[in-house]
Structures are given as structure tokens and as C-alpha cells.
Amino acid sequence: MIRRRATPASPITVHPLDDKYLLEEILLRLPPQPSGLPRASLVCTRWRNIILDPDFLRCFRRHHKKPPLLGFFAGYYGSCAVFIPSLDAPDRIPCTRFPLQQNRRYDQLNVHGCHHGLVILLDLYNREAMVWDPLTGRDHPVPFPPGFRSHTIGFVKTAVVLCAAIEDGHVHGDCSLSPFKVAFVGNDVDYKHAICSLYESQSGVCGNMISMANTGEICDDPGLIAGNSVYWLLNEGGILELDMGRQSLGVIEIPTNVHFTGPHFFQIIWTKDSCLGLAILSKTNMRMQLWERKSKNDGVVRWGLQKTIQLDQLLPPVSPKERKRMCIIGYDSVSNTIVLWTTIGASVIQLETLELRNIPIREGGTYYPYTNFYTAGLQEASRNQKGELCLRKGCEQHDPELYFE
């Protein structure tokens, strides 16, 4: 009898996407824009379970590091601040997702800045700050420090909020409200001395007052947070620095050959080399100069002109009369973009690539960039009214399209 040689079994072919770890690595590389993860979560139950895992979301934020610019919280005189989206469809978030202007608790509050996904609002009449997380809607009231609250020492001009999480691998953006810090800054009753106090949510108390003489009045524009320091412009042209580690104040002079023309034409920036910088707008010459303060070969820290941006090469031709309306109305250190009010409306300019985008805002007010990893659309789109996972893209109550314009 002839024996037939057994045919070897063909190897089992495994599709690459059946490998959980490989699939996670692919999903981690989806763009951080708001619609990316919600749309991917609709592919199948397996994908959605991975994307909804808190550990995956932490890895996703850690992989991308920098959250996208979602829009601006704009404060207009005589009205509560509103959210203005800056992204195009399908990532555009409706202003109704952050209904600050519909909450009566915020009627007397004015936005003074956004950082690490948190918004700081001040009620100068009742002498109280509010730290607000737009993604969750949660807020935390913070009374002014005693010396500011009683006006015995001075007045609060502005404040900044920042996440104080110290765990290893933490990526700012989509931060919870605890722990955080609030730095209050203002002037004495004669507007000659700078005064500052640091509040920490973990202890629930404000630190001792820190003061510095002969600084002049502090501008009420939002401060720039970089590392362990906060920087504010002074009305007389200098830059006030708060070192939160040393609990001290100092003044940095602006470049000697530069004339200070006001906070609407000067903006403190953070350069690509991780150095303190200044953006100076010249309406007459239609240009913007970018200065950088760093150590030279001799070890001395000094200012140097880094770049000159000819705005007339980016913007349409304008008359001398129209140039008078130009000013700086916002800055985002995460994306290194500056917001100008120009003859064609509000223009967002990326200071490295010079990419220009227009956003639909009206003239007047100050614009505070809001950057975050927007996960609200993912969480809301994944469950129906009964709390069950929703597979259908057209789920009646929780369609992802309802959370994006």
C-alpha cells in the first residue's frame, strides 16, 4: 500500500489589526483633533472598548503632548464671555458645548485666562475667583487673598490658573480641577508696588503676600506661564516675573532700543528655543518684530531680534486709516500662535510657519485661547439613554454629529 505523505497544515493567518497591542499603537497615532477618537470608536465594539479605556486615553495624551487649539473664550465689555470655535468641520465644536454665558453664576465674572484646560474668571465686585473646567462643567470658587479682599493692601488686576499635578507622565490638558494653583497679582493703592499671592487647592489657603517696590501699574492682560514662572507686562514697559518656586518677584527690562507703545501692541511669547520673547506690532510699518531673551556666548542673558514678519505680505493691502485699528488681541503659547485684529477681522498667525487663518469674531474685547484634548464628544457619543454602549452612528440621542458642527 502506498503511503501518502501528510500535507503540512497551512499556518493560521492573523490579520494585523487582530493584534491588540498593534491596534492600540495605530489608534494612538490618530490625530488629536476632537472628531478623531469618537469616529474611530464607531467602527466596532473592540475599537470602542480600547478607546474608552482611561489608560489608553492617558497614553493618547502623552503621545501627542500638545493639545489642539479648540477656540477662544472672548470677553466683551458689558457681557459675559462666550466660546468661539476656531476649528473647521468635522472638528468644529459648537459654542453651546461650553455655555458659560447661559449660567447665571457667571454673570458678574470676567474671563482672565485659560491654561492647562482650565479657565480663570474674576468677580472684582465680590472679590472672588472661579476656576472652571469647561469639559466637565465643574467649578471651584476661590476667595481673593485677605489683603486684596479687604483692599487694605491693594487691588487684584488679574490672575492665572495652572494644573499642579506632579505624577510621573502627567500631560497637561484635560486636567481635573484638583490639584491646581491660582496666582493673584495686583498693585497697592498707589499703583506703585506689585503684589502677588499664590493659592493652592490642596491646602485651600493663599500664601503670604509677595511685593516689589517701584514696578508701576500691572497690565490686566493674561500672563504667560512658562516652567515655574509667570510673566506679566507692566504699563511702563517692563515685564514682571513671578518665580513660584522661590516665591519672589522681579522685573525684566524690555530691549533698550524699543519704545513701549502699550499692551495692545506688545505680547510676551515663549520661543521655539524655550526662551522668553516679545512680539512687537508696528502699525506704521505693517510689521511684527519677534525678540528673544537668552544667554549668549559670553554667558550674559540679553535681548536679540529673532525675526521680522512683514504683515503686508500676509494681509491684503490696507490704507493708513485702516492700519490704526490693528492690535494684538490674544496669544497661545502651546501652538505659538498670535491673534491680531486686522482689516479683514481676526487673524491667527503661527509665528514659525507664518500660516494664517481667519476666525469669525467681532471687534473689541480680549480673546483667550483654549487648548485641550476634547474627550466630551467621545464619552457622550458612546452611550445611549439607558447607559448602554451605542453602536449606531445615527443613535437618536447621542450621535457624535451632535457634539460637532
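The values are calculated or read from the model by the stated rules, or taken from the named source; none is laboratory data. Owing to the predicted nature of the structure, the values given are computational and were not obtained by experimental measurement. Here Cβ is always computed from backbone atoms with ideal geometry, including for glycine, and neighbour counts include all displayed protein chains.
When region 299-346 is limited to residues that are more than 30 Å from residue 256 (Cβ to Cβ) and of a type in the set (Ser, Thr, Tyr), the one that is farthest from the chain's Cα centre (by Cα) turns out to be 319.
For every residue, the table says whether it meets (1) closer than 20 Å to residue 336 by Cα; (2) part of a loop (DSSP other than H, G, I, E, B).
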{"site": "261", "(1), (2)": "no, yes"}
{"site": "272", "(1), (2)": "yes, yes"}
{"site": "281", "(1), (2)": "yes, no"}
{"site": "288", "(1), (2)": "yes, no"}
{"site": "291", "(1), (2)": "yes, no"}
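Identify the residue in region 28-44 that is part of a helix (DSSP H, G or I) and touching a Phe, Trp or Tyr at 6+ places or on another chain (Cβ under 7 Å) and, among all such residues, is modelled with the highest pLDDT. So, considering only residues that are part of a helix (DSSP H, G or I) and touching a Phe, Trp or Tyr at 6+ places or on another chain (Cβ under 7 Å), the one modelled with the highest pLDDT is 28. Among the residues making up region 352-375, those that are within 23 Å of residue 223 (Cα to Cα) and within 16 Å of the chain's Cα centre (by Cα) are 366, 367, 368, 369, 370, 371, 372, 373. Return yes when residue 273 is among the charged types (D, E, K, R) and modelled with pLDDT of 90 or more and no when it is not. Criteria not met by residue 273. Within region 196-215, can you find the residues that are within 23 Å of residue 266 (Cα to Cα) and crowded, with 17+ Cβ neighbours inside 10 Å? Of everything in region 196-215, those that are within 23 Å of residue 266 (Cα to Cα) and crowded, with 17+ Cβ neighbours inside 10 Å turn out to be 196, 215. Screening 277, 250, 245 for residues that are under 21 Å from residue 194 (Cα atoms), small (Gly, Ala, Ser) and surrounded by 15 or more Cβ atoms within 10 Å (Cβ to Cβ) leaves exactly one candidate, 250. Applying the condition of being part of a loop (DSSP other than H, G, I, E, B) and either touching a Phe, Trp or Tyr at 6+ places or on another chain (Cβ under 6 Å) or modelled with pLDDT under 85 (or both) to region 77-91 and asking which residue is farthest from residue 124 (Cα to Cα) yields 90.
Looking at the structure I just gave you, is residue 233 closer than 27 Å to residue 110 by Cβ, modelled with pLDDT of 90 or more and in contact with an Asp or Glu (Cβ under 7 Å, 6 or more places away or on another chain)? Yes.
Might you check whether a residue that is modelled with pLDDT under 90, among the acidic types (Asp, Glu) and surrounded by fewer than 18 Cβ atoms within 10 Å (Cβ to Cβ) occurs anywhere in region 344-365? Checked region 344-365: at least one residue is modelled with pLDDT under 90, among the acidic types (Asp, Glu) and surrounded by fewer than 18 Cβ atoms within 10 Å (Cβ to Cβ).
Residues are listed down the side, and each one gets a yes or a no for (1) surrounded by fewer than 21 Cβ atoms within 10 Å (Cβ to Cβ); (2) under 27 Å from residue 336 (Cα atoms); (3) aliphatic (A, V, I, L, M):
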| residue | (1), (2), (3) |
| --- | --- |
| 23 | yes, no, yes |
| 34 | no, yes, no |
| 39 | yes, no, no |
| 55 | yes, no, no |
| 59 | yes, yes, no |
| 62 | yes, yes, no |
| 74 | no, yes, yes |
